[in-house]
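Colleague: Here you go, one structure.
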Amino acid sequence: MKGYKTILSLLVLLSCEALMSQEADPDLEVEESAAVFLEEYSDAFQEHFFEALKQKGIENYDKAINSLLKCKELDPGNRVVDHELAKVYVKDKQYNAAESYALEALTSAPENPWYLETMVSVSQKQGAPLQDLKTRIPYDNDRLKENLALIYYRQTNYNNALAILKETKKTAFSDDLTAKINELLSKRTVTSRSVGFTNTQDRSEAGSADQYKTRIKGLITANSLPLLQQLSEEALERYPSQPYFYFANGYALNKKAKHREAISILEAALDYMIDDISLSNKIYKELSDAYTALHNPVKANMYLRKIKPGF
């Protein structure tokens, strides 16, 4: 039984691994202890929870949901189960159900970065910023706002991150992140002026998603990595739900040997993928390359196996 619980503990941690990169700067504290969580529950609960994670891993989302709902019957107020349900419903594109469970988890633990990350993902998939849910979440919690600013920073949504930071109390964290974002925005402005992006095209056309894609494809062909990174970040800020821009940014980071940053961006891209096998294959290839560079063959092979031939 002890070995069984150990396996379950690892699975709980792995289920959250794709949500937040704890090695990015600045760090977020992990609040949940998987081992302690599992020790507190019955064998029946653990079996259903284990089965849910297994089924989610092989993309049998209906079965994963059913197993998690059985866990809910055994412990209706369990916030970890609520969070897992939210994540599976997102994978299954049932966003209303995902929102309900994500709200339950986040309301019970507003300072938990994993719960907030899932809530942001649900909101963005429905085309709405998290701020639209201010009245339904503990938005006055400063730690929640700091975590939200960091999420936007990692998504390269710098203006949104700055707006959130202005609403928080001044801390070393908020000052450091604000300075970092302002520095990035300053560099972006200088680079943009130097290449004349806004001076060579009509302003409205230059900012369209299709125009960004055309210019980005040209930069990829030319292997112009600094400009590719800058332009893809700009595109992401304007179009945060476009997976191609995540791919382009991750591609640039990978080629510049910033593999951990690339993984964070590329895995975020997968949340927005809808029936584009060719782009999915490109993302999986970049993820496999990044994990290979980080000497993680398990993850590298996992993404390599996801590539569908013929596309």
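The values are calculated or read from the model by the stated rules, or taken from the named source; none is laboratory data. Keep in mind that this is a model prediction, so the values were computed, not measured. Virtual Cβ from ideal backbone geometry, glycine too; neighbours counted across all protein chains shown. All accessible areas refer to the heavy atoms of the entire protein, side chains included, with ligands and DNA or RNA removed. Shrake-Rupley method; radii C 1.70, N 1.55, O 1.52, S 1.80 Å.
Colleague: Across segment 92-182, how large is the tail of the calculated P(r) beyond 19 Å, expressed as a percent of all Cα pairs?
Modeller: 35 percent
Colleague: Take S186 and Y239, extend 7 Å from each Cα along the Cα→Cβ direction, and tell me the distance between the two endpoints in nm.
Modeller: 3.0 nm
Colleague: Treat every Asp and Glu Cβ in segment 37-118 as -1 and every Lys and Arg Cβ as +1, leave all other atoms uncharged, and give the resulting dipole magnitude about the Cα centre to the nearest 20 debye.
Modeller: 320 debye
Colleague: Spelling out what I want: for every residue of segment 156-167, take phi, set θ = phi - 60°, compute 6.51 cos²θ - 1.76 cosθ + 1.60 (Karplus), and round to whole Hz; glycine and proline get x.
Modeller: Rounded to whole hertz, the list is 6, 8, 5, 5, 5, 4, 5, 4, 5, 4, 5, 8.
Colleague: If packing is taken as the mean number of other Cβ atoms within 10 Å per residue, what is the order of 164-172, 73-81, highest first?
Modeller: Ranking the peptides 164-172, 73-81 by packing returns 73-81, 164-172.
Colleague: Related question: Extension gain K166-T107, at 0.36 nm per residue separation less the Cα-Cα distance, in nm?
Modeller: Extra length from K166 to T107 when fully extended: 19.0 nm.
Colleague: Ignoring any ligand, DNA or RNA, what whole percent of the accessible area of segment 74-165 comes from carbon and sulfur when the probe is 1.4 angstrom?
Modeller: Answer for segment 74-165: carbon and sulfur cover 45 percent of the accessible area.
Colleague: Further question: Would you mind checking K93/K125; K56/K93; K125/K166; K87/K308 for any pair whose Cα atoms are more than 20 angstrom apart? It would help to have the intermediate numbers written out before the result.
Modeller: Numbers: K93/K125 9 Å; K56/K93 13 Å; K125/K166 25 Å; K87/K308 24 Å.
Exceeds cut-off: K125/K166; K87/K308.
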